[in-house]
């Protein structure tokens, strides 16, 4: 701040307060409506102060949306994606940054091109692979003539089949298969000074020892950032879970339930229950972001450099 | 303790050659300093000994074993890096002990060895701190302790003091010297600082542009530089170097026709031979006009050093620097007479810069 | 990205890369290739083989007026929601960048929308904008029927766009603030010494210096408006009324999974992919020219 103008400071606070209002209003309305009774929520104009029915609305939403098991599913998916992503990303970034091998640049591009096309854009074909995730390998074996060979020799026909519909693997794996985390780790690994690698070589450490003893502890901040980003984005997935889980009762996630919570066109307009449900569904990623803000902001920014 | 033999070693990066064939023998227990300007390949040579850089051609043997194909950990070398390269997330204790941990040395023994080494470099009070909480000198000592704890056959130092201030550098120098005396481990030390090199080395290797210029004791290198490059590089203030040739009477003709009487160079004074004549400033004295062979010159400016001073003068178009202990005022433009000490003359071929012995 | 220090262990990098490469092959390259195949062939949803039809699928969608309507709507949606979101985020970032006392609280609040699932925000905004509810709907008390996203396509689209813009505020804010804070103070101070007032400095000094970030955000927002709009629209309008909020991703989903026209959906997917690749490519080219301070 260069100017010391009280008037300009006032304008600044005013603008920031207005901005906060814009950001907070939807949250506030959700909370307010979620705490009101059916009558209160149907009033026109609505009261902008919370009422006392929050817990009964939460309970109603909980049963209507079957939120208990769905929350568990959401947690399983979000944590699965986060852990899977961190593991794969750190390993592959390690290989790309610290190893010298012929196909390094090819591997680099093979992985990083996936950043270009988000899952939503290639949703139709990705869905088809979910019916049999091993199909590419079957085709490779068929083309190479191995299937025929094995059948001729042993009489066994190779038929690879792995259906991912209605499974946690199906919910998780396609979300893990992108380069976001790899890119973030790569950016970080490139800042590690050469001499640290050399020092560990001189100390007699194996590459994996370097990875576990030096790299991973040093990239803790990075990991927290990636964990936050991945948790939020996988929790908030909508289209993919919608497609891959036909058995909603057992494998549905909580975000998919939002639509079911909306009052029917000609039914009771009990938005209070809907909003209470939305509150429950919003809360976990919001808490994660609020608590991890310091780390994940840094991670987000370095990701896209 | 092990001897190191370097035979015909070359290094190429892609198509560019950075080391053109180096042959050096380092005796067991010797302290060898590789000195050269930046980019001369000295660090690359050191890193090839360490195993951090592949050897394009030639052979390096440590203790009689050819190590070309060995991993750094199999060579028995320890290294101190320029930027310390301490593990920032580990305490001093863990930094020092990491190599032992990797080698699966039992915890009790590890702790004892770390403690012993820490004592020898006065680090015990800092064992539980992290590198970020230490001063530059302390970090440097951690780096040395880390190298010592493995009891290696060879110590390698890659410009270890270049990040320290002048005073600490002197202190660390004597510390390294003391450690070498106590441990007697073969050491190879790379630096571009000639004072560091002169004070530390048993044997000095001067490198330039990927080649070894000269190998020898520091005094030998100083007194008998093998090439114009070494003569110019070693010594501060730098040696006076005059390009010129001998005339029919055997005088050395330089600059704008200045002549010097250099009868002591008898035998190499073929008329017309193009040479570089070198003389250190301490070999140039102010003298009376009537002295035989005195060179007339005009003072340009005087550089005070405290105990002595340097006279920068122009002798017939050639710049000449003389070390002077007098304190009489000398203004710019004052004519003076200079003489060259007999024993201090060096002669190099102008063509290839090699020394011409006389 | 060359390092001086690396490892050479023949098979180890492959072992480290294998999991990621396999996943990428199965869930990215295979499907994308397959989409290409489908787009150029006609497949029966219940088997029975496909026939090669060349560009027929593309010609079919390009001849479809409804498809062009969707494309134009998507473009409108993308541009307006991006502009709105970035403008709000930049304004907030510029004020926060003054670092007055207590700014940190505002700063952390502005990030919140980033955490929210698009459909969740969609539900909240649907209520806020519902004609029968007591918020925006209140205007109907004064002028009956003036606001009705359930039957008025323009109202519905506006509602979705506002919600989308709101969702992007957090992300855009984070980047704008970081870019502003990366500008050395001395530049603003020099501007002040030259007599420029804060607003003038924003226009003359800060904006040009954060242009690369702004451009990066522009592209990211445009891409996200293609990809993230699905959840929002599905929850808020289901593409209605009568298809007036249907954007490209939604149409792909609808044609492919509800209409079971895989070939048409695949052709549409290819068009969308090319669009996104094009945008990403433009961004890559631009990123190389980023401003660096030394």
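The values are calculated or read from the model by the stated rules, or taken from the named source; none is laboratory data. Note that this is a predicted model, so its numbers are computed, not measured. Using ideal geometry, Cβ is built from the backbone for each residue, glycine included, and neighbour counts are taken over all protein chains shown.
Listing for the model above:
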| read-out | value |
| --- | --- |
| Of all residues making up region A:258-278, the number that are assigned to a helix (DSSP H, G or I) and more than 9 Å from chain C (Cβ to nearest Cβ) | 4 |
| Of all residues making up region C:188-218, the number that are facing chain A (nearest Cβ under 10 Å) and part of a helix (DSSP H, G or I) | 11 |
| Tally, over region B:79-88, of residues that are within 21 Å of the chain's Cα centre (by Cα) and crowded, with 18+ Cβ neighbours inside 10 Å | 4 |
| Residues satisfying the stated conditions in region C:240-252, i.e. more than 7 Å from chain A (Cβ to nearest Cβ) and within 15 Å of residue C:68 (Cα to Cα) | C:243, C:244, C:245, C:246, C:247, C:248, C:250, C:251 |
| Pick from region A:190-240, criterion in a loop (DSSP other than H, G, I, E, B) and in contact (Cβ under 8 Å) with a residue 12 or more places away in the chain, ranking: surrounded by the fewest Cβ atoms within 10 Å (Cβ to Cβ) | A:190 |
| Filtered residues of region C:171-185 (kept if under 22 Å from residue C:125 (Cβ atoms) and either at the interface with another protein chain (Cβ under 8 Å from one of its Cβ atoms) or outside any helix (DSSP H, G or I) (or both)) | C:171, C:174 |
| Looking only at region A:241-257, and only at residues there that are within 10 Å of chain C (Cβ to nearest Cβ), part of a helix (DSSP H, G or I) and in contact (Cβ under 8 Å) with a residue 24 or more places away in the chain, the one that is nearest to the chain's Cα centre (by Cα) | A:255 |
| Options B:104, B:94: the member that is part of a helix (DSSP H, G or I) and within 13 Å of chain A (Cβ to nearest Cβ) | B:94 |
| Residue among B:265, B:338, B:330, B:310 that is outside the structural domain of residue B:194 (by TED's automatic domain parsing) and touching a helix residue (DSSP H, G or I) at 6+ places or on another chain (Cβ under 7 Å) | B:310 |
| So residue C:133, is it in contact with a helix residue (DSSP H, G or I) (Cβ under 8 Å, 6 or more places away or on another chain), in a loop (DSSP other than H, G, I, E, B) and within 8 Å of chain A (Cβ to nearest Cβ) | yes |
| Residue count, region B:3-30 (criterion: surrounded by fewer than 21 Cβ atoms within 10 Å (Cβ to Cβ) and in contact (Cβ under 8 Å) with a residue 60 or more places away in the chain) | 11 |
| Given (1) outside the structural domain of residue B:200 (by TED's automatic domain parsing); (2) crowded, with 18+ Cβ neighbours inside 10 Å, index of the condition residue B:216 fails | (1) |
| Meets criteria (away from chain B (no Cβ under 14 Å), in contact with a helix residue (DSSP H, G or I) (Cβ under 7 Å, 6 or more places away or on another chain) and farther than 30 Å from residue B:52 by Cα) for residue A:155 | no |
| Meets criteria (surrounded by fewer than 24 Cβ atoms within 10 Å (Cβ to Cβ), more than 16 Å from the chain's Cα centre (by Cα) and in contact (Cβ under 8 Å) with a residue 24 or more places away in the chain) for residue A:183 | no |
| Residues being in contact with a helix residue (DSSP H, G or I) (Cβ under 7 Å, 6 or more places away or on another chain) and under 30 Å from residue A:240 (Cβ atoms) - total across region A:131-152 | 4 |
| Number of the exception - residue A:293 against (1) within 26 Å of residue C:107 (Cα to Cα); (2) within 7 Å of chain C (Cβ to nearest Cβ); (3) at pLDDT 85 or above | (3) |
| Residue ID - surrounded by the fewest Cβ atoms within 10 Å (Cβ to Cβ), chosen from residues in region C:137-160 that are in a helix (DSSP H, G or I) and under 26 Å from the mean Cα position of the chain (by Cα) | C:154 |
| Matching entry among A:212, A:188, A:231 (being within 23 Å of the chain's Cα centre (by Cα) and closer than 18 Å to residue A:99 by Cβ) | A:188 |
| Test: residue in region A:161-174 that is crowded, with 18+ Cβ neighbours inside 10 Å, part of a helix (DSSP H, G or I) and at the interface with another protein chain (Cβ under 8 Å from one of its Cβ atoms) | yes |
| Hey, residue B:113 over 23 Å from the mean Cα position of the chain (by Cα), part of a helix (DSSP H, G or I) and within 28 Å of residue A:219 (Cα to Cα) or not | no |
| Total residues in region A:100-131, condition part of a helix (DSSP H, G or I) and closer than 30 Å to residue B:54 by Cα | 8 |
| Matching residues in region C:87-101 - criterion: being more than 8 Å from chain A (Cβ to nearest Cβ) and more than 22 Å from the chain's Cα centre (by Cα) | C:94, C:97, C:101 |
| Any hit, region A:36-45, residues being within 13 Å of chain C (Cβ to nearest Cβ), crowded, with 20+ Cβ neighbours inside 10 Å and either assigned to a helix (DSSP H, G or I) or in contact with a helix residue (DSSP H, G or I) (Cβ under 7 Å, 6 or more places away or on another chain) (or both) | yes |
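Residue-wise test of (1) touching a residue at least 12 places away in the same chain (Cβ under 8 Å); (2) over 21 Å from residue B:26 (Cα atoms); (3) assigned to a loop (DSSP other than H, G, I, E, B); (4) touching a helix residue (DSSP H, G or I) at 6+ places or on another chain (Cβ under 6 Å).
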residue: B:198; (1), (2), (3), (4): yes, no, no, yes
residue: B:215; (1), (2), (3), (4): yes, no, no, no
residue: B:221; (1), (2), (3), (4): yes, no, no, no
residue: B:231; (1), (2), (3), (4): yes, yes, no, no
residue: B:235; (1), (2), (3), (4): yes, yes, yes, no
residue: B:253; (1), (2), (3), (4): no, yes, no, no
residue: B:271; (1), (2), (3), (4): yes, yes, yes, no
residue: B:278; (1), (2), (3), (4): yes, yes, no, yes
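Each row is one residue, and each column tells you yes or no for (1) within 13 Å of chain C (Cβ to nearest Cβ); (2) closer than 30 Å to residue C:23 by Cβ; (3) free of Cβ contacts under 8 Å to residues at least 60 places away in the same chain.
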residue: A:52; (1), (2), (3): no, no, yes
residue: A:59; (1), (2), (3): no, no, yes
residue: A:110; (1), (2), (3): yes, yes, yes
residue: A:122; (1), (2), (3): yes, yes, yes
residue: A:137; (1), (2), (3): yes, yes, yes
residue: A:142; (1), (2), (3): no, yes, yes
residue: A:147; (1), (2), (3): no, yes, yes
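Yes or no, residue by residue, for (1) over 18 Å from residue A:238 (Cα atoms); (2) crowded, with 20+ Cβ neighbours inside 10 Å; (3) in contact (Cβ under 8 Å) with a residue 12 or more places away in the chain:
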site	(1), (2), (3)
C:223	no, yes, yes
C:231	no, yes, yes
C:236	no, yes, yes
C:242	yes, no, yes
C:249	no, yes, yes
C:252	no, yes, yes
C:263	yes, yes, yes
